[in-house]
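Structure, as C-alpha coordinates:
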Amino acid sequence: MCEPVHYTVSYEINPWMDKTRYTDVELALRQWRTLRDTYLELGHTVDTIDPLPGLPDMVYAANGATVVDGVVYSAAFRHPERQPEGPAYEKWFADRGFVTHTAERTNEGEGDLLTVGDVVLAGTGFRTERAAHAEAQELFGRPVVSLHLVDPRYYHLDTALAVLSSDAGDPQIAYYPPAFSPGSRAVLRTMFPDAVIATDTDAAALGLNAVSDGKNVVVAPGATDLAAQLRERGWEPIPVDTSELLKGGGGAKCCTLEIRR
(Lines give C-alpha, C1' and ligand atoms only; values in the text may rest on other atoms or scores of the structure.)
Protein backbone atom coordinates (compact mmCIF):
# COMPACT_ATOMS: atom_id res chain seq x y z
CA MET A 1 0.00 0.00 0.00
CA CYS A 2 1.01 3.63 -0.44
CA GLU A 3 -0.14 6.35 1.95
CA PRO A 4 -1.90 9.18 0.06
CA VAL A 5 0.33 11.95 1.38
CA HIS A 6 0.40 13.67 -2.02
CA TYR A 7 -3.11 12.73 -3.09
CA THR A 8 -5.11 15.19 -5.14
CA VAL A 9 -6.99 15.26 -8.45
CA SER A 10 -4.88 17.56 -10.61
CA TYR A 11 -5.57 15.91 -13.97
CA GLU A 12 -8.33 13.85 -15.54
CA ILE A 13 -7.61 10.41 -17.02
CA ASN A 14 -10.84 8.58 -16.14
CA PRO A 15 -14.52 9.60 -15.86
CA TRP A 16 -14.42 9.66 -12.05
CA MET A 17 -11.84 12.45 -11.97
CA ASP A 18 -12.84 16.12 -11.91
CA LYS A 19 -9.98 18.48 -11.13
CA THR A 20 -12.44 21.28 -10.30
CA ARG A 21 -13.71 19.31 -7.27
CA TYR A 22 -12.06 19.86 -3.92
CA THR A 23 -10.06 16.92 -2.59
CA ASP A 24 -9.56 16.62 1.14
CA VAL A 25 -6.15 15.01 1.67
CA GLU A 26 -6.69 14.68 5.44
CA LEU A 27 -9.92 12.76 4.87
CA ALA A 28 -8.18 10.60 2.26
CA LEU A 29 -5.45 9.82 4.76
CA ARG A 30 -7.96 8.88 7.46
CA GLN A 31 -9.88 6.61 5.09
CA TRP A 32 -6.68 4.99 3.83
CA ARG A 33 -5.48 4.33 7.39
CA THR A 34 -8.82 2.77 8.27
CA LEU A 35 -8.44 0.46 5.27
CA ARG A 36 -4.90 -0.47 6.30
CA ASP A 37 -5.97 -1.04 9.90
CA THR A 38 -8.83 -3.25 8.73
CA TYR A 39 -6.34 -5.55 6.99
CA LEU A 40 -4.16 -5.65 10.10
CA GLU A 41 -7.16 -6.45 12.32
CA LEU A 42 -8.01 -9.33 9.97
CA GLY A 43 -4.51 -10.73 10.53
CA HIS A 44 -2.90 -9.70 7.25
CA THR A 45 0.54 -8.20 6.75
CA VAL A 46 0.73 -4.74 5.19
CA ASP A 47 3.92 -3.45 3.58
CA THR A 48 4.11 0.14 2.41
CA ILE A 49 6.03 2.00 -0.27
CA ASP A 50 7.09 5.61 0.29
CA PRO A 51 4.87 8.04 -1.65
CA LEU A 52 6.74 10.23 -4.12
CA PRO A 53 5.95 13.93 -4.66
CA GLY A 54 4.21 14.69 -7.91
CA LEU A 55 2.58 11.24 -8.14
CA PRO A 56 -0.87 11.73 -6.60
CA ASP A 57 -2.19 8.43 -7.98
CA MET A 58 0.59 6.37 -6.40
CA VAL A 59 -1.92 5.58 -3.62
CA TYR A 60 -3.53 3.17 -6.10
CA ALA A 61 -0.90 0.53 -5.42
CA ALA A 62 -2.74 -2.24 -7.26
CA ASN A 63 -1.76 -0.58 -10.52
CA GLY A 64 1.96 -0.68 -9.70
CA ALA A 65 2.72 -4.30 -10.60
CA THR A 66 1.40 -7.86 -10.76
CA VAL A 67 2.99 -10.50 -8.54
CA VAL A 68 2.45 -14.20 -9.19
CA ASP A 69 4.55 -16.96 -7.59
CA GLY A 70 7.01 -14.35 -6.38
CA VAL A 71 7.64 -13.02 -9.90
CA VAL A 72 6.96 -9.32 -10.43
CA TYR A 73 5.63 -8.03 -13.77
CA SER A 74 6.15 -4.29 -13.70
CA ALA A 75 3.52 -1.78 -14.72
CA ALA A 76 3.95 0.36 -17.82
CA PHE A 77 1.31 3.06 -17.62
CA ARG A 78 -0.58 4.44 -20.60
CA HIS A 79 -0.82 8.04 -19.38
CA PRO A 80 2.37 10.11 -18.92
CA GLU A 81 1.15 11.43 -15.56
CA ARG A 82 1.47 7.96 -14.04
CA GLN A 83 4.43 6.51 -15.92
CA PRO A 84 7.04 7.16 -13.15
CA GLU A 85 5.06 4.91 -10.81
CA GLY A 86 6.05 1.72 -12.65
CA PRO A 87 9.81 2.01 -12.02
CA ALA A 88 9.20 3.10 -8.41
CA TYR A 89 7.19 -0.01 -7.62
CA GLU A 90 9.59 -2.28 -9.53
CA LYS A 91 12.51 -0.89 -7.52
CA TRP A 92 10.65 -1.50 -4.26
CA PHE A 93 10.30 -5.19 -5.16
CA ALA A 94 13.85 -5.54 -6.49
CA ASP A 95 15.26 -4.01 -3.31
CA ARG A 96 13.48 -6.75 -1.35
CA GLY A 97 14.84 -9.63 -3.39
CA PHE A 98 11.96 -10.29 -5.75
CA VAL A 99 12.56 -11.39 -9.32
CA THR A 100 11.29 -8.53 -11.46
CA HIS A 101 10.48 -8.30 -15.16
CA THR A 102 10.33 -4.89 -16.79
CA ALA A 103 7.26 -4.80 -19.01
CA GLU A 104 7.68 -4.11 -22.70
CA ARG A 105 3.94 -3.69 -23.23
CA THR A 106 1.54 -1.20 -21.72
CA ASN A 107 -0.17 -2.67 -18.66
CA GLU A 108 -1.48 -1.27 -15.40
CA GLY A 109 -0.71 -4.05 -12.96
CA GLU A 110 -3.47 -5.62 -10.95
CA GLY A 111 -5.80 -2.97 -12.26
CA ASP A 112 -6.14 -5.20 -15.32
CA LEU A 113 -4.46 -8.49 -14.35
CA LEU A 114 -6.35 -10.49 -11.72
CA THR A 115 -5.25 -13.94 -10.60
CA VAL A 116 -8.13 -16.37 -10.09
CA GLY A 117 -7.03 -19.88 -9.19
CA ASP A 118 -4.55 -21.01 -11.85
CA VAL A 119 -5.76 -18.45 -14.40
CA VAL A 120 -5.08 -14.75 -14.91
CA LEU A 121 -8.06 -12.69 -16.06
CA ALA A 122 -6.80 -9.76 -18.11
CA GLY A 123 -8.66 -6.59 -19.00
CA THR A 124 -8.18 -4.50 -22.12
CA GLY A 125 -10.01 -1.73 -23.91
CA PHE A 126 -8.91 1.38 -22.05
CA ARG A 127 -5.51 1.01 -20.37
CA THR A 128 -3.74 -2.35 -20.78
CA GLU A 129 -2.96 -3.44 -24.34
CA ARG A 130 -3.77 -6.97 -25.42
CA ALA A 131 -0.11 -7.68 -26.21
CA ALA A 132 0.62 -7.36 -22.49
CA HIS A 133 -1.66 -10.34 -21.88
CA ALA A 134 0.63 -12.48 -24.00
CA GLU A 135 3.68 -11.05 -22.25
CA ALA A 136 2.20 -11.92 -18.85
CA GLN A 137 1.35 -15.46 -19.96
CA GLU A 138 4.92 -16.10 -21.09
CA LEU A 139 6.25 -14.71 -17.81
CA PHE A 140 3.91 -16.44 -15.37
CA GLY A 141 3.31 -19.66 -17.30
CA ARG A 142 -0.40 -19.50 -16.54
CA PRO A 143 -3.33 -19.22 -18.94
CA VAL A 144 -4.28 -15.58 -19.45
CA VAL A 145 -7.89 -14.92 -20.51
CA SER A 146 -8.50 -11.61 -22.27
CA LEU A 147 -11.64 -9.67 -21.37
CA HIS A 148 -12.72 -6.56 -23.28
CA LEU A 149 -14.02 -3.61 -21.25
CA VAL A 150 -16.50 -1.32 -23.01
CA ASP A 151 -17.73 1.20 -20.41
CA PRO A 152 -15.19 4.00 -19.72
CA ARG A 153 -16.40 4.29 -16.12
CA TYR A 154 -14.97 0.83 -15.58
CA TYR A 155 -11.63 1.49 -17.20
CA HIS A 156 -9.73 -1.19 -15.27
CA LEU A 157 -10.79 -4.80 -14.81
CA ASP A 158 -10.71 -4.42 -11.03
CA THR A 159 -13.47 -1.80 -11.22
CA ALA A 160 -15.82 -4.28 -12.91
CA LEU A 161 -14.78 -7.63 -11.45
CA ALA A 162 -13.76 -8.79 -7.98
CA VAL A 163 -11.95 -12.01 -7.13
CA LEU A 164 -13.74 -13.61 -4.19
CA SER A 165 -11.79 -16.86 -4.00
CA SER A 166 -8.55 -17.86 -5.72
CA ASP A 167 -8.87 -21.47 -4.60
CA ALA A 168 -7.84 -23.43 -7.70
CA GLY A 169 -10.51 -26.01 -6.93
CA ASP A 170 -13.31 -23.48 -6.59
CA PRO A 171 -12.40 -20.04 -7.97
CA GLN A 172 -15.17 -17.49 -7.51
CA ILE A 173 -15.77 -13.95 -8.71
CA ALA A 174 -18.31 -11.15 -8.73
CA TYR A 175 -18.72 -8.94 -11.79
CA TYR A 176 -20.86 -6.37 -13.57
CA PRO A 177 -21.86 -7.72 -17.02
CA PRO A 178 -22.58 -4.37 -18.77
CA ALA A 179 -18.92 -3.38 -18.34
CA PHE A 180 -17.87 -6.14 -20.76
CA SER A 181 -18.29 -6.86 -24.46
CA PRO A 182 -20.82 -9.58 -25.40
CA GLY A 183 -18.05 -12.09 -26.11
CA SER A 184 -16.33 -11.41 -22.80
CA ARG A 185 -19.63 -11.79 -20.93
CA ALA A 186 -20.06 -15.19 -22.59
CA VAL A 187 -16.56 -16.21 -21.49
CA LEU A 188 -17.28 -15.20 -17.90
CA ARG A 189 -20.60 -17.08 -17.88
CA THR A 190 -18.82 -20.19 -19.12
CA MET A 191 -15.91 -19.97 -16.70
CA PHE A 192 -17.88 -18.81 -13.65
CA PRO A 193 -21.51 -19.96 -13.95
CA ASP A 194 -22.13 -19.33 -10.24
CA ALA A 195 -20.57 -15.85 -10.13
CA VAL A 196 -22.13 -13.10 -8.06
CA ILE A 197 -23.74 -10.61 -10.46
CA ALA A 198 -23.46 -7.00 -9.34
CA THR A 199 -26.26 -4.50 -9.82
CA ASP A 200 -26.06 -1.04 -11.37
CA THR A 201 -26.00 0.41 -7.85
CA ASP A 202 -23.11 -1.81 -6.82
CA ALA A 203 -21.09 -0.82 -9.88
CA ALA A 204 -21.80 2.90 -9.51
CA ALA A 205 -20.47 2.75 -5.94
CA LEU A 206 -17.32 1.08 -7.31
CA GLY A 207 -18.36 -1.87 -5.17
CA LEU A 208 -16.50 -4.36 -7.32
CA ASN A 209 -13.23 -2.68 -6.42
CA ALA A 210 -13.25 -5.01 -3.42
CA VAL A 211 -10.65 -7.12 -1.63
CA SER A 212 -11.37 -10.66 -0.48
CA ASP A 213 -9.22 -13.02 1.58
CA GLY A 214 -11.57 -15.92 0.81
CA LYS A 215 -13.70 -15.25 3.88
CA ASN A 216 -13.88 -11.51 4.47
CA VAL A 217 -14.63 -9.06 1.67
CA VAL A 218 -13.71 -5.40 2.13
CA VAL A 219 -16.29 -3.54 0.08
CA ALA A 220 -17.61 -0.01 -0.51
CA PRO A 221 -20.49 0.85 1.87
CA GLY A 222 -22.67 1.90 -1.08
CA ALA A 223 -22.60 -1.58 -2.61
CA THR A 224 -25.47 -2.82 -0.49
CA ASP A 225 -26.86 -5.32 -3.01
CA LEU A 226 -23.43 -6.88 -3.41
CA ALA A 227 -22.94 -7.08 0.35
CA ALA A 228 -26.29 -8.83 0.75
CA GLN A 229 -25.42 -11.40 -1.93
CA LEU A 230 -22.02 -12.03 -0.37
CA ARG A 231 -23.56 -12.56 3.04
CA GLU A 232 -26.10 -15.00 1.62
CA ARG A 233 -23.28 -17.04 0.12
CA GLY A 234 -21.23 -17.22 3.29
CA TRP A 235 -18.76 -14.37 2.94
CA GLU A 236 -18.43 -11.63 5.52
CA PRO A 237 -18.72 -8.21 3.87
CA ILE A 238 -16.78 -5.49 5.66
CA PRO A 239 -17.79 -1.99 4.54
CA VAL A 240 -14.89 0.48 4.47
CA ASP A 241 -15.48 4.02 3.23
CA THR A 242 -12.97 5.21 0.61
CA SER A 243 -15.20 7.93 -0.82
CA GLU A 244 -12.47 10.56 -0.98
CA LEU A 245 -10.20 8.23 -2.91
CA LEU A 246 -13.10 7.46 -5.23
CA LYS A 247 -12.66 11.00 -6.60
CA GLY A 248 -9.54 9.65 -8.30
CA GLY A 249 -11.36 6.57 -9.55
CA GLY A 250 -10.24 4.03 -6.97
CA GLY A 251 -11.47 2.09 -3.97
CA ALA A 252 -10.16 -0.59 -1.63
CA LYS A 253 -8.74 -2.85 -4.33
CA CYS A 254 -7.05 0.00 -6.19
CA CYS A 255 -5.24 0.82 -2.95
CA THR A 256 -4.09 -2.77 -2.43
CA LEU A 257 -1.43 -4.69 -4.35
CA GLU A 258 -1.50 -8.38 -3.40
CA ILE A 259 1.88 -10.07 -3.09
CA ARG A 260 1.67 -13.73 -4.09
CA ARG A 261 4.89 -15.40 -3.09
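The values are calculated or read from the model by the stated rules, or taken from the named source; none is laboratory data. What you see is a predicted model, and the numbers here were worked out from it, not measured in a lab. We place every Cβ from the backbone using ideal geometry, glycine too, and count neighbours over all the protein chains shown. Protein only, heavy atoms only, side chains kept; ligands, DNA and RNA dropped before computing areas. Shrake-Rupley method; radii C 1.70, N 1.55, O 1.52, S 1.80 Å.
Annotation: Thr23 fulfils all but one of (1) under 29 Å from Val116 (Cβ atoms); (2) over 18 Å from the mean Cα position of the chain (by Cα); the unmet one is (1). In the range 43-88, the residue that is surrounded by the fewest Cβ atoms within 10 Å (Cβ to Cβ) out of those that are out of contact with any helix residue (DSSP H, G or I) (no Cβ under 7 Å at 6 or more places or on another chain) and hydroxyl-bearing (Ser, Thr, Tyr) is Thr45.
Taking (1) touching a residue at least 40 places away in the same chain (Cβ under 8 Å); (2) within 27 Å of Met1 (Cβ to Cβ); (3) not basic (Lys, Arg) in turn, Leu149 satisfies each apart from (1). For the range 6-42, residues that are of a type in the set (Ser, Thr, Tyr), part of a helix (DSSP H, G or I) and open to solvent by less than 60 Å² (accessible area, probe 1.4 Å) total 2.
If you go through the range 89-129 and keep only what is open to solvent by 60 Å² or more (accessible area, probe 1.4 Å) and either touching a residue at least 60 places away in the same chain (Cβ under 8 Å) or under 23 Å from Ala195 (Cβ atoms) (or both), you end up with Asp118, Phe126. Restricting attention to the range 70-88, the residues being over 30 Å from Thr190 (Cβ atoms) and in contact (Cβ under 8 Å) with a residue 12 or more places away in the chain number 13.
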